[in-house]
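Each remark here refers to the structure printed beneath this line.
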Amino acid sequence: MSGKERKEGYGYLIDWIIRFGDLLLINLFFLFIYFLFRREGWITEGLHYREQITSFLLINLCYFIVSSVIHLQLSSNIATFDKIIQRSSVFIASYIILLTAGFAIFKIVSVPIVPWIIVSFVLGSLFILWHVLFRLLLKSYRRKGYNYRQVIIVGGGLNANSLYESLLTSDFGYKILGFFDDDIDKKGSLPNYLGKISDIQTYVETEKIDEIFCTLPGGKDDLIYELIRFSEKNMIRFHIVPEFHKYIKRRFSLHFIETTPILSLRYEPLQHFSNRFIKRTFDLVFSILVLVLIFPFVYIIFGAIIKKSSPGPIFFKQKRTGIKGKEFYCYKFRSMRLNAEANKKQAVEGDPRVTKVGHFMRKTSVDELPQFINVLRNDMSVVGPRPHMLQHTDLYSSLIDKFMVRHLVKPGITGWAQVTGCRGETKTVAEMEERVRKDVWYLENWTFFLDLKIIYLTVANVFKGDKKAF
């Protein structure tokens, strides 16, 4: 067996395996549902052979239509599990919608909406689970030395070493053959020095190279241009690794104006209208459900207890800093006795201002429920950085450089910082810096599924209890 065959293994079959697995799962699932629903009388009695063929064609045709629009990229060298789950969810949701429309047009199925929703949810869960398991198997397959891409790194500076560490500790499916650099003194410091840059052509004639990562500084434009020409002539994918990371260590966002590349300091998913539309739609639906189904009962019960426990209103409202620094009134159930420091001082552990019922509400986050009114009014989102008092905004914005970045998105009832240990009182600037770091991370990594994960963790913490909730 040749080196090339050993390296690639059955990599060329991976995309076919994914499609075959998808279709096998979907067809077996609907075969099971067919026999189950026929017994319940939800499928047209005496389904003729032609209608069975139509159903089979619809089930498979809808898959190929959706797959031509939405690409799963499970076999990509760089694909995170969050992205796999997100793409798989969008894929199967689109498939189910298209298939439902097809069944309705041909009048093959007349299933009550609730059972059909359950069927769709089960199919979606199985589909996502299959893709996650496949990705785990693929990573394991690559760790054993199959289906990888052979790459070389041009340059031997800090940039090259940083890239080497990133690729070496990942499961992206790269095999780093070594480094090329004109400074032969680096032979002893680099993991595998292969020679000068002029030796690359000779090396490529003896070894199969899939990709070249160039870490040379911008001053060597002519040499980089020659490497690009050489790579394209030999059908090698070429990547330039710029050096700006030594000034700012963060993920950048690359855009183009015509053919001019523009680097932005951060990628913000919520800058895209489609993402903002999804988030706002969820906020509206979720807040309306809470305000209609839960809030009235909580208001009647806790409103009466609040009134009885101490004089004052049921609601406590306070000016907070919202998106783009806009001020708004944030609503909560009043958990403290009326006091002059309410708008200046954070609640601390054992705070004498907090009433007994207030302590319970804070522990269970019941006091936050009125903020769904803020969500409905578009002042807040269900998930986002927690809004701070105006005094704290003024203070920390002068102490922490990135503090105001968190206000590029709407504040939330709960957030990534709150479910990962940064809830409650901030006693030091370092603690606030950690909260800001997590808020900015949320802003840069937002997905709809991340919001769902944060909501789940918030609910879990309510039942588990949070020692910082006081």
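Computed from the coordinates by the stated procedures, all read-outs in this text should not be read as laboratory data. Since this is a predicted model, take the numbers as computed values, not measurements. Counting neighbours? That spans all protein chains shown, and the Cβs are built from the backbone with ideal geometry, glycine included.
Quick check on the stretch 149-249: take the gyration tensor over C-alpha atoms, sort the square-rooted eigenvalues as a ≥ b ≥ c, and tell me if it's rounded (a/c under 1.5), prolate or oblate. Verdict is rounded for the stretch 149-249. Sorting K187, K279 by the number of Cβ atoms found within 10 Å of their own Cβ, with the fewest placed first, yields K187, K279.
Net length available on complete extension from F56 to S140 is 26.8 nm, with 0.36 nm assigned per residue and the Cα-Cα distance removed.
Taking a ≥ b ≥ c as the square roots of the eigenvalues of the alpha carbon gyration tensor, the stretch 273-464 is oblate, as a/c is not under 1.5 and a/b does not beat b/c. Counting neighbouring Cβ atoms within 10 Å and putting the fewest first, the residues F273, F180, F106 line up as F273, F106, F180. For the stretch 379-470, trypsin sites (Lys or Arg not before Pro) meeting the loop criterion (DSSP other than H, G, I, E, B) and having at most 11 other Cβ atoms within 10 Å: K427, K467.
Put a plus charge on the Cβ of each Lys and Arg, a minus charge on the Cβ of each Asp and Glu, and nothing anywhere else: the dipole of the stretch 149-249 about its Cα centre is then about 200 debye. Each Lys or Arg adds one and each Asp or Glu subtracts one; over the other residues with Cβ under 9 Å from the Cβ of L390, this totals 0. Projected label points at L263 and I301, each 7 Å from Cα along the beta carbon direction, are separated by 5.5 nanometres.
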